[in-house]
Each structure stands twice: as structure tokens, then as C-alpha cells.
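The values are calculated or read from the model by the stated rules, or taken from the named source; none is laboratory data. Here the structure is a predicted model, which is why all the values come from computation and not from measurement. For neighbour counting, all protein chains shown are included, and Cβ atoms are generated from backbone atoms with ideal geometry for every residue, glycine included.
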Amino acid sequence: MKPLNLLIVAIQKEYLTLLEDSLGYAGYKFSIRQVASKQSAIEAFYESKYDLLISNCLLPDGKITDLANVLGSQLPCLVMTEGHCPVTAERVLAVTETTYYINCSNKLGWIPALENTLAKWKNNARKKIAQHNQNHESLYRKVLSRFEEELSENALSNAFTLLLEVMDLSRIYLYTKNVKANGEAHDLSLEVEVTAPGVPTKYAAKNVKLPGFNRWNALFEAGQAVMEPSGHMTNAEAQWFSQQDAQSMLLVPIRGTNGWSGFIGLEDALNNREWTSAEIALIESVAALIQSQSTLSGKTSKNSKFLTSLA
């Protein structure tokens, strides 16, 4: 069982001991961060990740509803009331507005409330994620259709600007691969680069080699995307990446007649971003459109020079 990381707010020491005893008695492994106020709870939330918030219904700096409104959409919450059992006069920590409580003689009484809260939260989170993914897939289908229109009108820069805005990127670009006559050595040529406002263009050089190219080449040949930073970077690659202004990169190959012929690069300069499967699928579809268009490019096309090089 995964240990629970709990954020405990304004629970007095004697009741906190009762809470800890009951969790241990129920077989839970856990760690606790205890804070004394609503403001401290909000600060703690943004400093670390928690599985559950357990708060006193009475807070020294505001209503519990204020705290629930701020954190309730991002973290499951249990509100507790400190008091005494009316029958035995034992100290009791009760789940507010329920019949679930903890005392020395009934340590497991509140565990269903804990488990129901976590299960309900996970179920709601799954539904939200599914809806979020569905919304993004619908949006990305529309974006892909618009991208195809722009590409057919020979406006790749406009198409890339659309992706930049929709995906909230810092930088997007396209490189083509240059192969020497002997077919061995190759370098890369920048064809298009679009950046967000305030983000400088970075890849001004026309012909470059990038660290990690051999590893990237193997992935590109297999039709796989490259995501950096990753646990597969060599020391030299990690050192190179640390010198970039990008926090995250996604690189997707474009297929040619002889292996990969170029790649689309996406960068986020602000966030260490986890690229979603929907985002990767979108850029793979974009790469396929560019590859398809390259086989149809003509001399009159504004994009024909580099599209032909992708064929």
C-alpha cells in the first residue's frame, strides 16, 4: 500500500495523536505535514504534493469553506470536529456532519470516511481527466484540419503559429536533414522557426549538429519522438541541455523515402512539461501532413524548397 502523504491543518496535539494511532491501527503507512492555519496550508500545498487534507472545522485565520474553496478542486479534503463523546466523555475526533469518529475505543470508526473520500476523489479525477482528454482531442482535430488548410496554401509559418498558440509553446521549428554524397555524415538545416512574444529566436544557424544526435537518430529511424530532458541523456547531453533556455523539448521525426528526413521541434521555456499522448499524436499527424505535402510540392510553392528536401 502506498504511504499516504497527509496535510493536517489546525488539529490540536492530543487529537493529532489520536489520528496517528488510528491510522497505524488500520495498517496505513503515512507521513504528516502539520500546519496551524489556512494560509500555512495553502503555502504547504504549493511546496509539496499531498494525498489528503485533514482540517479542523475551526481555523484561526478564516472559515474552513475558504480553505476548501481554494484547495478542494485539487486535493481531497476531510473536515474534522474536536470534541467529546456525549456518552463516554472520551475525546473524539469526528468527521464533520457525519456519524464517523475516532476515539481510543473505536479507532477504526472513521476509516470508511477516509476510504470513501479518497475513492470518490480518484473517481472524479478520472472523469475529469477523461473529459479533459476528450476536449483536447476534439480541439486538436480542429487544429489539424486548420493546419492542413494553411499548409495547402503554402503558409507553414502561419500553421506553426497556430500550433504555438493552441499548445501554449515558447518555440516551434522544423529542421531538415542534409546527407552528404557518400551517405554517411549529415547535419541539419533550419527551415522554419516561430516563437512566442518575448521569446527570442534561437536557431539562427542554418547548418548545425546537436548533442545527442546519434541517440536521436536511432529514435527517429524507429519513428519515435524524442522528449528532453530524459533519464537517457548522457552527461554531455545533460550539460548541453542545461545551457538551453528550454525547460522541455518534444521532437517528432518526419519520414522520407530513406528513413527520417527532418523533425519538428517544440519547446517550453517556462515549464518542465510532461508531453501528453494527445500532444504527441497531434504533432505526429502534423509531421505526416508535412511529409505528404512534400511529395506534392512544386516549383511555384513558397514551401517547395524545403518540402522537396523532405521527400
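Quick notes
- Under the condition of being of a type in the set (Gly, Ala, Ser) and over 28 Å from Val92 (Cα atoms), the residues counted in the stretch 108-127 number 1.
- Looking only at the stretch 12-28, and only at residues there that are surrounded by fewer than 13 Cβ atoms within 10 Å (Cβ to Cβ) and under 19 Å from Pro112 (Cβ atoms), the one that is farthest from the chain's Cα centre (by Cα): Tyr25
Residue-by-condition table, conditions (1) among the acidic types (Asp, Glu); (2) without any contact (Cβ under 8 Å) to a residue 60 or more places away in the chain:
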position	(1), (2)
Asp21	yes, no
Ala36	no, yes
Lys49	no, yes
Asn56	no, yes
Pro60	no, yes
Ser73	no, yes
Cys77	no, yes
Met80	no, no
Pro86	no, yes
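- A single entry from Pro112, Pro86 fulfils the requirement of being part of a helix (DSSP H, G or I) and either farther than 22 Å from Lys13 by Cβ or touching a Pro at 6+ places or on another chain (Cβ under 6 Å) (or both): Pro112.
- Residue check for Glu97: outside any strand (DSSP E or B) and of a type outside the set (A, V, I, L, M): yes
- If only residues of the stretch 158-190 that are part of a strand (DSSP E or B) and touching a Lys or Arg at 6+ places or on another chain (Cβ under 8 Å) are counted, the one that is modelled with the lowest pLDDT is His186.
- Tabulated pairs, the stretch 271-284, first of a type outside the set (Asp, Glu), second modelled with pLDDT of 90 or more and part of a loop (DSSP other than H, G, I, E, B), C-beta under 6 angstrom, 6+ apart or interchain: Asn271/Gln247; Asn272/Gln247; Ile280/Ala225
- Meeting the requirement of 3 or more residues that are closer than 23 Å to Leu163 by Cα and at pLDDT 90 or above, the helices (runs of 4 or more DSSP H) wholly within the stretch 218-311 are 277-294.
- All helices (runs of 4 or more DSSP H) inside the stretch 1-80 with 3 or more residues being closer than 29 Å to Ser105 by Cβ and of a type in the set (Ser, Thr, Tyr): 13-25
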